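Student: Would you mind keeping the following structure in view while I ask a few things?
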Amino acid sequence: MTLVPYLNRRGVLRMGAGASAAATGVFALSALLDPLEPKAAPPQAPAPFEPKTGSSLPTTLTGSFVSAARGGAQTNWVIALPPGQTPQNGTLRPVIALHGKDGNANMMLDCGVEDGLAQLVKAGKPPFAVVGVDGGSNSYWHKRASGEDPGAMVLEELLPMLSSMGFDTSRVGFMGWSMGGYGAMHLGAQLGPSRVAGICAISPALFTSYTGSTYGSFDSYDDWMQNTVVGVPALSQIPLRVDCGTFDRFYFATRQFVNQLKTPPAGSFSLGGHDMGYWRAQLPGELAWMAS
């Protein structure tokens, strides 16, 4: 496993809500949940690292491990740390950030997490780290017929690795975009209320039926039924935030999902689409919510 610390100023967050559109569409969705099977011993922790200081941006750590849960795939991870923070003291908690379809571990950086964490520190909010990890371009973060299980990778490999690095993983957070928004709820519910401090699902890829789901997102009707997040009790017991644009193709299914929750979530349905502009605009409020 390699560990490459670096400071990198990504583009300043581009704020502003998504551009208005003059049309509505017919969109849909739901989601999934399956029991987790331990796959492998946790990856070996990287050597201790002291981040550089004196920058307005957090330090970013990168590395990789071979994931048994993903069938031996080389799996990259990225950790964004708030300025001046290190994991070595055992008090910094991680928020696991799950990417969308065709994405990778860097998606959370593209959404502006580095600058967002720096702004939280300036505002005096409790610090936390954000961890991105490769889960497969179309895995939907659940066990697949191929045997690949990116959910097991996160819960049985990534979290123990973070613990061995010094992070406090006794309670963690999840956030994700699109496919990762569904994945955040799916994996957060699996880990349960005692271990999950909060879940933020952004533009979650939900489907109201198996036949209406995106090709490749589920292996069968039974797979879709087994992994749905609709009606999962834990999602009414864990602090939950859901944000979705009113012109997002998943808007109607996400609205339907929110309506069936026993405990209304935080977040909003606001003007915007299923795109990076909307996600960057929502991120500051989402990170502040996670900090609370």
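Since every read-out is calculated from the coordinates, none of them should be taken as a lab result. Predicted model only: the values in this text are computed from it and were never measured. Reconstructed Cβ throughout: ideal geometry from the backbone, glycine too, with neighbour counts over all protein chains shown.
Student: For the stretch 91-199, which trypsin sites (Lys or Arg not before Pro) are in a loop by DSSP, counting at most 14 other Cβ atoms within 10 Å?
Tutor: Values: sites: K101, K122, K143, R144, R171, R195; in loops: K101, K143, R144, R171, R195.
The qualifying sites are R171.
Student: Right, here's the next one. State the answer as a single residue: which of S178, G63, N76 lies farthest towards the positive end of the charge dipole of the stretch 60-291, with beta carbon charges of +1 for Lys and Arg and -1 for Asp and Glu, about the Cα centre.
Tutor: Most positive-ward Cα: S178.
Student: How large is the convex hull of the Cα atoms of the stretch 203-247 per residue, expressed in Å³ as a whole number?
Tutor: Details: hull volume 4.2 nm³, N = 45.
Per residue, the Cα convex hull of the stretch 203-247 comes to 93 Å³.
Student: Continuing with this model, one more query. Express in whole angstrom the spacing between the alpha-carbon centres of the stretch 163-232 and the stretch 69-113.
Tutor: 16
Student: Suppose each label sits 7 Å from its Cα in the direction of the beta carbon; what would the T91-A123 distance come out to in nanometres?
Tutor: 2.2
Student: Once label points are set 7 Å from the Cα along Cα→Cβ at both N76 and D102, what is their separation, rounded to one decimal in nm?
Tutor: According to this spin-label approximation, the distance is 1.7 nm.
Student: So if I place +1 on the C-beta of Lys and Arg and -1 on the C-beta of Asp and Glu, and nothing else carries charge, what would the dipole magnitude of the stretch 60-291 be about its Cα centre? I want it in debye, nearest 20.
Tutor: 560
Student: So if I average 1/r over every pair of distinct C-alpha atoms in the stretch 60-291 and take the inverse, what Kirkwood radius in Å does that give? Spell out each step's value before the answer.
Tutor: On the way: mean 1/r = 0.0572 Å⁻¹.
Computed over the stretch 60-291, the radius equals 17.5 Å.
Student: Return, ordered by residue number, the residues of the stretch 246-268 whose backbone nitrogen is under 20 Å from a label point located 7 Å along Cα→Cβ of T214.
Tutor: 246-258
Student: On to the next question. Rule-of-thumb check for the stretch 177-291: C-alpha Rg over 2.2 N^0.38 Å?
Tutor: Details: Rg = 13.5 Å, N = 115, 2.2 N^0.38 = 13.4 Å.
Cα Rg divided by the expected 2.2 N^0.38 Å: 1.01.
Student: Considering only DSSP beta bridges with both partners in the stretch 60-291, what is the antiparallel share in %, to the nearest 5?
Tutor: On the way: 12 of 33 bridges.
So the antiparallel bridges amount to about 35 percent of the total.
Student: Kindly state, to the nearest 0.05, the FRET efficiency for D222 paired with S146, given R0 = 25 Å and r defined as their beta-carbon distance. Let's see the in-between values first.
Tutor: Working: r = 16 Å, r/R0 = 0.63.
According to the calculation, E is roughly 0.95.
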